[in-house]
Amino acid sequence: MNADVIEKYAKLAIKTGINIQKGQTLVIRTPIECAEFARKLAEIAYDEGARDVVISWRDEQFSRLRYLKAPFEVFEEFPDWQKEFYTSHSLKGAAFLSVSAEDPEILKDVDPKRIATATKTANIALEEYRDRLMNNYNVWSIISIPTKSWARKVFPGIPEEEAVEKLWEAIIKVVRADQDDPVAAWKRHKEELDKKIEFLNSSRFRYLEYRNSLGTDLRIELHQDHVWLGGPEYSRDGVEFFPNMPTEEVFTVPLKEGVNGVAVSSMPLNLNGNLIEDFSLTFKDGRVVDYKAKRGQEILKHLIETDEGSHYLGEVALVPYDSPISRLQVLFYNTLFDENASCHLALGKAYPSNIKNGDKLSKEELKKVGVNDSLEHEDFMIGTRDLEIIGTTFDGKKIPVFKNGNFTV
């Protein structure tokens, strides 16, 4: 990939994704395979006025080795220094940028219980840090670049170098870094998302009813004070940032106990280095009461059974089937991309910002008004070309929201 284009992408991530502020610290979480790009991000951040840049490296090959060789009890422990690293930086107002570029099957031969235990242990230890990000006390963003193992999975059967190049091309295109002025392109994109948000918020839907030929037949009751969001968000200090690059979704919060029916996956879910494929979830009064998967059943089980809140939905997201990512006809095996090619739902914690004045409510107050809480927040895709969604307003009017997989407006 052309070095100038990569630099343009890095600048977009720093200036638009997290919108670094002068004097602010940037924390970059990245695989070691992406070291060169991480250093470019750091260089640009310093040039834009960052006080400091701190990099937290991830080594998925070592993680796999540790999962296979270490005694089980180590996955029930979380180092104090790691908890202090993320919590203290968040309390000091740092910005957090994550590079999502994992091998989708790196942990396929690891005992799922080990992964689930380690994930839950980390989520408990980092709860304060995660809550601060989900409540927008800190700006944060997720981006991605190719790694060899990931590219081979997305584009099998071709030389590795060619696969990496094709994945670069796809990523650069969907984040609009191939355009002359990517920052201006994202401003135009924000305006398009705002039109969808205005339609949804002005309609004040009480229910959304989903149906498609895969077997999804689902009725979701939305919270009476729900707010649709999409594109940029704003920190408590009023700084605009884009949590996901790319992003094509508009999303809100369901009423915790208001989900009934069946949701059938339309894409594999890459969860912690394992794939869950061809799965479905059955909901009754909001709770998952049955689930099955042709592949990854045990991984799905551990996800749902993380805690009580992981049995419920925390997010409802709408993405047109004809989104720029979907039109590429590329299955990324990476939720950052696949969720922006398909309508999706999320098991687990809801974003307080999706409730009117939700940022002013405590955890206990949010729970009392039917907003889900959990250690998890995991998106899974259900959108298809033939998906139809009918909305019912609080005054009983029925309005088509999606027809043939796309918005009706």
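Within region 8-39, the set of residues being of a type outside the set (Val, Ile, Thr), farther than 27 Å from Tyr234 by Cβ and free of Cβ contacts under 8 Å to residues at least 40 places away in the same chain comprises Ala35, Glu36, Arg39. Listed by first and then second residue, the pairs linking a residue in region 118-132 that is in contact (Cβ under 8 Å) with a residue 24 or more places away in the chain to a residue that is hydrophobic (A, V, I, L, M, F, W, C), with Cβ atoms under 6 Å apart and 6 or more places separating them unless they lie on different chains, are Ala118/Phe75; Thr121/Phe78; Ala122/Phe78; Asn123/Leu375; Ala125/Phe78.
Pairs linking a residue in region 63-90 that is farther than 21 Å from Asn274 by Cβ and of a type in the set (Val, Ile, Thr) to a residue that is surrounded by 17 or more Cβ atoms within 10 Å (Cβ to Cβ) and modelled with pLDDT of 95 or more, with Cβ atoms under 7 Å and 6 or more positions apart or on different chains, are Thr87/Tyr129. Looking only at region 77-105, filter to residues that are of a type in the set (S, T, N, Q) and part of a helix (DSSP H, G or I); which one of those is surrounded by the fewest Cβ atoms within 10 Å (Cβ to Cβ)? Only one residue fits best here, namely Ser88. Determine if region 383-405 includes at least one residue that is assigned to a loop (DSSP other than H, G, I, E, B), of a type in the set (Phe, Trp, Tyr), crowded, with 21+ Cβ neighbours inside 10 Å and assigned by TED's automatic domain parsing to the domain that holds Phe332. No - not one qualifying residue is present in region 383-405. Residues of region 146-165 that are more than 21 Å from Ile32 (Cα to Cα) and surrounded by 15 or more Cβ atoms within 10 Å (Cβ to Cβ): Phe155 alone. Only one entry of Ser88, Ser100 meets the criterion of being small (Gly, Ala, Ser) and either assigned by TED's automatic domain parsing to the domain that holds Leu271 or touching a helix residue (DSSP H, G or I) at 6+ places or on another chain (Cβ under 8 Å) (or both), and that entry is Ser100. Before we move on, is Tyr207 at negative phi and either without any contact (Cβ under 8 Å) to a residue 60 or more places away in the chain or outside any strand (DSSP E or B) (or both)? Judged against the criteria, Tyr207 is not a match. Each residue in region 235-271 was checked for being under 17 Å from Ala350 (Cα atoms) and part of a strand (DSSP E or B), and 10 pass. If only residues of region 342-373 that are more than 19 Å from the chain's Cα centre (by Cα) and in a loop (DSSP other than H, G, I, E, B) are counted, the one that is nearest to Leu328 (Cα to Cα) is Lys356.
Of the residues Lys292, Lys360, Lys349, the single one that is over 17 Å from Ser280 (Cα atoms), in contact (Cβ under 8 Å) with a residue 12 or more places away in the chain, among the charged types (D, E, K, R) and not assigned by TED's automatic domain parsing to the domain that holds Ala101 is Lys349.
Among the residues making up region 300-317, a single one is surrounded by 19 or more Cβ atoms within 10 Å (Cβ to Cβ), out of contact with any Ser or Thr (no Cβ under 9 Å at 6 or more places or on another chain) and not in a helix (DSSP H, G or I): Leu313. Among the residues making up region 1-38, those that are at pLDDT 95 or above and loosely packed, with under 15 Cβ neighbours inside 10 Å are Lys22, Gly23, Ile32, Ala35, Glu36. Here Leu167, Leu200, Leu218 are screened, and the one residue that is farther than 30 Å from Lys40 by Cα, modelled with pLDDT of 95 or more and part of a helix (DSSP H, G or I) is Leu200. Put simply, of Ser342, Ser362 the only residue that is modelled with pLDDT under 95 and over 28 Å from Thr121 (Cβ atoms) is Ser342. When you check Thr282 against the structure, is it part of a strand (DSSP E or B) and either more than 30 Å from Lys195 (Cα to Cα) or in contact with a helix residue (DSSP H, G or I) (Cβ under 9 Å, 6 or more places away or on another chain) (or both), yes or no? Yes, satisfied. Would region 106-118 turn up any residue that is under 17 Å from the mean Cα position of the chain (by Cα), of a type in the set (Gly, Ala, Ser), not in a loop (DSSP other than H, G, I, E, B) and not assigned by TED's automatic domain parsing to the domain that holds Pro268? Looking for residues that are under 17 Å from the mean Cα position of the chain (by Cα), of a type in the set (Gly, Ala, Ser), not in a loop (DSSP other than H, G, I, E, B) and not assigned by TED's automatic domain parsing to the domain that holds Pro268, one finds none in region 106-118, hence no.
The values are calculated or read from the model by the stated rules, or taken from the named source; none is laboratory data. Being a predicted model, the structure only gives us computed values, none of them experimental. Using ideal geometry, Cβ is built from the backbone for each residue, glycine included, and neighbour counts are taken over all protein chains shown.
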